[in-house]
Each structure stands twice: as structure tokens, then as C-alpha cells.
Amino acid sequence: MSDTKAKFEAGLAGVVAGQTAVGEVTQTSLRYRGYEIADLAANSTFEETAHLLIHCELPNASQLKDFRHRVQAAMNLPKQVTDVVDAMPKSTPPMDVLRTVVSILGHYDPDGQNNAKSANLGKSERLLGQIACATGYWCRRMGNLPEVKPDPNATHGFNLLAMMTGKKPSELAGRVMDGTLVLYAEHEFNASTFTARTIASTLADMHSAVTGAIGALKGPLHGGANEAAMHQFLSIGKVDNVDNWFNELEAHNKANPTNKRLIMGFGHRVYKNGDHRAAILRDWSLQLSKETGQKHWIDMADRLQKIMLDKKNIHPNTDYPAAHAYYQMGIPIPLYTPIFVCSRITGWCAHIIEQYENNRIIRPGSDYIGVPARDVQPISKR
Ligand code: CMC
């Protein structure tokens, strides 16, 4: 597209690439269908938020009961899927397992190739149940442990935590897990959602779009940052090491300007003055530490946060406190990004449905920087 006059922006920064009624991100707020995230985090369960995203409104009590019933009915993977999962090497990264599982689930879904809205609403609900189930299933299999079935009376977050750890979580831990699912559920045109919308814009099916989105979420600059942030805390070790650790990293970056190391769990394309979700989750994690006796993670995180603010004016994002909250819950680190999938599946499905409803194939231009036009020489002259 060499005759394009549009200005190229690296990483599409600042480019408005579409319209959406699902979520609104500004420098100072995050809203799901008009509701502020702090309000939802304080006053809704994840299942209520999931209903809001998929069905456009918060449910009343009877709508919630029916919705939970349908989602829980899907928390049972087809045998054809568990057979494939059981054959995977135990070293398979859980994000890769989920990517494969969603792809295979498409083969067995009764509406796999049906792009009608009613079919996509049903698939969204099934994927919500199936992905949580697959996350729990793989977590247990990694540790050679028996599968744990969900409790029909518990929240989605409580069940997800129990299905991974095999233990009945404390009320607080169940609530914090459910709350993190609310915080992670939607974030307008982030990389994975944009991937899902791009795939949907070709009129490919929902399972294809979600499979692609999982691949996009896996990377450490996006969803993979919660795992990377925990590895970072572990490598720092204790609060007294934070300053040295930071100074060494800065020295490395000064000496290697083309190979700089990032501080994981910090920075955001939009929130230059802080990510509201991070502050909410940091407080929940602090509450959790009173139960677990692991306040040292929050002390370490707070110290690094202060240095990053003082020296670089960069704020933490949600993945930063998610790391120490999940660690305190006893969840294996490779499962942190899959938990993000268990939540963001709702935002992805809402966006996929919205894309189909008002579709034009997503096909941007590019700024050609290769060799100028030239003629093909006969092979004897090359
Ligand atoms: N550590 C060190 N320096 C950073 C960091 C960081 N975490 N984040 C940004 N910077 C620097 C960046 O290198 C750049 O410096 P310079 O101008 O010298 O090149 C400057 O700050 C401005 O960066 P930016 O343009 O604001 O960054 P971006 O919008 O291109 O990228 C980001 C945003 C989130 C990918 C990036 O901040 C990053 O890589 N953070 C670490 C990974 C991470 O925590 N990702 C989670 C993202 S939020 C939730 C999610 O998607 O899961």
C-alpha cells in the first residue's frame, strides 16, 4: 500500500482501530458497558460481570441463576478432548494446552461453525465453563493429582481456585480470586482482543478467534506478564535486595542500550498515571497476606513500585499485584496467565459478537521500507 498517506505509528499507538460498546479505557477510568471497574469489583461477582459482558446487562437474580446453571453445565470436558489432553507431555505450557483445547472444543461444539448471534451467545457461555474446567484439569494433571469437580453452589472464582489447588479455599481467597476475574475480564482493543476481532472480521468461527487470542495473550508483554512478575519477585528474594536489584538492572540497561531488560508488571500503553485495577488488587493481596503470613511479597512489591515511580515515573499494571496474590493462594506460576484466559474469555466473546454484528474485514495498510521497484533478471544473469 505504498500510496497510503496515513501516518505510521509504531505499535498502532494512539490509533483508533474501531468502535466498541463493550469497554471504555481512558487515562483515568475503565468501564465495562458503562460501569466503573471499582464499582463492579466491589459490588458484583465475576459471573454477574460475565453476564454483563456477554449479554450486555447485569443480571437479575433469576437471570443469574439460569446463566450460572448453563455455564456450570459446560464445566465438563468431552472425553475426546480429555483424551487429547491426557496424551500431551506434562511439560506442555498450560497456555499452549488451553490454545489447543479451545481449538479442539470447536470440533465438538454443536454450533462450532454457526456464526449466528444466538449460537455465539451459547458458545460464549460454554467456553466460559470449559476453559475454567480445562485450566483446573491441566493444573491437577501437571502434578499427577486427581481432577476436582466444581461445587454448584460456589462462585466461578472459588471453583477455579479449588479445581486448581484441590483445597477448599478460605472465603477471602475465593473472593479475591473471583475479584481478579472481574478485574481481568475486559480491556477494549488490547492485543489479544484485537487479534480475536481481526480473526472474526474474516467471518471465521468463534473458536478460531479465541484460539488466536490465547496465542496473543501468552506473551510476557501482555498476559504473560503476571507470571514474569512473580519470577521477578522470586529472583529479587527479599525487600532488602530490591534497591541493589534495581541498580544492577539499570547498570545493565546503561551498558546494553540495544538489549534493555524490562521490569515486569510495570507500564501500560494507556494508563500513564496508574492502572486502577492494580491498586484494588494490591489491597486485596494485602488482606490475603494477613491470612497467609506472606506480607513480605507486598513489602517487596511496594518498595520496587516506589523506586519505579521516583526514578522512572512508571506505574505498576494489574499483572504486578496479581502475581503476589496468586502466589499466596498456592497456585503454580505457569497457571497465572491461564487464569487471565478464564476471565478475558468473556471480553473476547463480547468483542467477537460485536465484530460480527457490524463487520468490515480488518485489513490495515503498511509503510513499505524495502528495496525500490526493480526488474526480474533471467536466472542466467543473476
Ligand atoms: N520496564 C522498564 N521500562 C519500561 C517499562 C518497563 N516495564 N515499560 C515501559 N518502559 C519504558 C520503555 O522502554 C520506554 O522507554 P524509552 O522511551 O527509553 O524506549 C518508555 O518507558 C515508554 O514506554 P511506552 O511507550 O509507554 O511502552 P509501550 O506502550 O510501547 O508498551 C508495555 C507498554 C506494557 C508493553 C510496556 O510497558 C512493557 O513492556 N511492560 C512490561 C510488561 C508488562 O508488564 N506487561 C503487562 C501489560 S498490562 C496488562 C496486560 O496486557 O496483561
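Here are the numbers for this structure:
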{"read-out": "Residue identified as of a type outside the set (G, A, S) and at pLDDT below 95 among N253, N273", "value": "N273"}
{"read-out": "Options W297, W284; residue that is among the aromatic types (F, W, Y) and open to solvent by 40 Å² or more (accessible area, probe 1.4 Å)", "value": "W284"}
{"read-out": "Test: residue in segment 269-282 that is within 14 Å of the ligand (Cβ to nearest atom), under 22 Å from the mean Cα position of the chain (by Cα) and among the aromatic types (F, W, Y)", "value": "yes"}
{"read-out": "Pick from segment 201-230, criterion touching a residue at least 60 places away in the same chain (Cβ under 8 Å) and over 18 Å from the mean Cα position of the chain (by Cα), ranking: nearest to the ligand (Cβ to nearest atom)", "value": "S201"}
{"read-out": "Unique match (being on the phi < 0 side of the Ramachandran plot, open to solvent by 60 Å² or more (accessible area, probe 1.4 Å) and in a helix (DSSP H, G or I)) among K260, K306", "value": "K306"}
{"read-out": "Unique residue being open to solvent by 10 Å² or more (accessible area, probe 1.4 Å), more than 14 Å from M164 (Cβ to Cβ), touching a residue at least 24 places away in the same chain (Cβ under 8 Å) and not assigned by TED's automatic domain parsing to the domain that holds C133 when the list is H315, H324", "value": "H315"}
{"read-out": "Matching residues, segment 152-194, being within 14 Å of the ligand (Cβ to nearest atom) and either open to solvent by 40 Å² or more (accessible area, probe 1.4 Å) or at pLDDT below 95 (or both)", "value": "E188, F189, A191, F194"}
{"read-out": "Where E47 falls short, out of the listed (1) closer than 24 Å to A213 by Cα; (2) open to solvent by less than 70 Å² (accessible area, probe 1.4 Å); (3) without any contact (Cβ under 8 Å) to a residue 24 or more places away in the chain", "value": "(3)"}
{"read-out": "Long-range neighbours under 6 Å by Cβ, at least six apart or interchain, first residue over 18 Å from A119 (Cβ atoms) within segment 347-362, second acidic (D, E) and buried (at least 22 other Cβ atoms within 10 Å of the Cβ)", "value": "G347/E186"}
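The values are calculated or read from the model by the stated rules, or taken from the named source; none is laboratory data. Source: prediction; values computed, not measured. Don't worry about glycine lacking a Cβ; one is built from the backbone with ideal geometry, like all the others, and counts go over all protein chains shown. Ligands, DNA and RNA are excluded from the accessible area calculation, which covers all protein heavy atoms including side chains. Shrake-Rupley method; radii C 1.70, N 1.55, O 1.52, S 1.80 Å.
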